[in-house]
1. I need a count of the residues in the range 153-169 that are exposed (fewer than 15 other Cβ atoms within 10 Å of the Cβ), in contact (Cβ under 8 Å) with a residue 60 or more places away in the chain and part of a loop (DSSP other than H, G, I, E, B).
2. I'd like the full set of residues that are surrounded by 10 or more Cβ atoms within 10 Å (Cβ to Cβ), modelled with pLDDT under 75 and in contact with a Gly (Cβ under 8 Å, 6 or more places away or on another chain), limited to the range 1-53.
3. Filter the range 117-143 down to the residues that are closer than 30 Å to Ser58 by Cα, among the charged types (D, E, K, R) and surrounded by 13 or more Cβ atoms within 10 Å (Cβ to Cβ) and list them by number.
4. Would you tally the residues in the range 47-101 being of a type in the set (A, V, I, L, M) and in contact with a helix residue (DSSP H, G or I) (Cβ under 6 Å, 6 or more places away or on another chain)?
5. Could you tell me how many of the residues in the range 61-79 are at pLDDT below 90 and over 22 Å from Ser101 (Cβ atoms)?
6. Would you pick out the residues in the range 54-110 that are part of a loop (DSSP other than H, G, I, E, B), within 25 Å of Gly136 (Cα to Cα) and among the hydroxyl-bearing types (Ser, Thr, Tyr)?
7. Of the residues Val152, Val62, Val112, Val127, only one is among the aliphatic types (A, V, I, L, M), out of contact with any Pro (no Cβ under 7 Å at 6 or more places or on another chain) and more than 20 Å from Ala47 (Cβ to Cβ); which?
Amino acid sequence: MTKLRNAVTDARWLFAILGIAAGFGVAQLRPVQPAQAVTNDRNDSFAMCTCQMDALGSAEGVFMLDYLTGQLTGAALNNSTGTFTQYYSRNIAQDFNVDPSAQTKYTITAGVANLNAQRGVRPATSVLYIAELNSGITRCYAIPYQVTQRPVGVQPIKPIAEFKFRESI
């Protein structure tokens with residue numbers, strides 16, 4: 001009986017070690033998926049969000065949307081130099097055809113999209129989604145990005161897609 005008990009105990013240890021080794025082997029075969037975080041904040045006058053600009057994580061973008069003027073501005077921070085190297089601007093009030101005297105209600109967030117280059121302009125790995133409550137429209141904006149350590153002039157942010165989430169107010 002003791003020999004049988006020892007054999008069962010030895011087999012349990014063997015199977016435990018084989019299970020751990022198999023789990024480790026399977027984990028090594030799976031591709032690594034990096035964690036990504038996007039932050040948003042807002043108050044009555046403006047909203048702000050951050051996004052990753054390239055797949056390597058060597059730059060982060062920060063974008064501010066002024067509710068009063070409809071102006072979207074941003075910059076890309078180069079992690080190796082610790083400086084802003086690219087700047088962005090667009091008047092989105094024109095995109096949504098909002099009345100300048102009306103009180104606009106925007107929301108903004110960033111998402112990951114690996115878009116193809118268009119006419120030699122390579123987009124960032126993130127896009128911006130902006131919705132305007134009165135028009136009932138959500139637009140997606142592509143952000144041009146190039147890896148550089150030197151400052152680049154102000155670049156336009158371009159709308160690439162839209163959908164209507166409700167009828168206009």
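The values are calculated or read from the model by the stated rules, or taken from the named source; none is laboratory data. Predicted model, so just to flag it, every value in this text is computed and none were measured. Neighbour counts are summed over all protein chains in view; Cβ atoms, including those assigned to glycine, are modelled from backbone coordinates with ideal geometry.
1. Of the residues in the range 153-169, 1 are exposed (fewer than 15 other Cβ atoms within 10 Å of the Cβ), in contact (Cβ under 8 Å) with a residue 60 or more places away in the chain and part of a loop (DSSP other than H, G, I, E, B).
2. Scanning the range 1-53 gives a single hit, Val38.
3. Residues satisfying the conditions are Arg122, Arg139.
4. Residues meeting the conditions: 1.
5. Adding up the residues that qualify gives 2.
6. Residues of the range 54-110 part of a loop (DSSP other than H, G, I, E, B): 54-58, 67-70, 79-82, 96-105.
Narrowing further to those that are within 25 Å of Gly136 (Cα to Cα): 67-70, 96-105.
Listed by number, the residues that qualify are Tyr67, Thr69, Ser101, Thr104.
7. Values: Val62 fails: more than 20 Å from Ala47 (Cβ to Cβ); Val112 fails: more than 20 Å from Ala47 (Cβ to Cβ); Val127 fails: more than 20 Å from Ala47 (Cβ to Cβ).
Sole residue among the options that is among the aliphatic types (A, V, I, L, M), out of contact with any Pro (no Cβ under 7 Å at 6 or more places or on another chain) and more than 20 Å from Ala47 (Cβ to Cβ): Val152.
To keep it simple, each residue is scored yes or no on (1) without any contact (Cβ under 8 Å) to a residue 12 or more places away in the chain; (2) surrounded by 16 or more Cβ atoms within 10 Å (Cβ to Cβ).
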residue	(1), (2)
Thr83	no, no
Ser89	no, no
Asn97	no, no
Ser101	yes, no
Ile108	no, yes
Gly111	no, no
Leu115	no, no
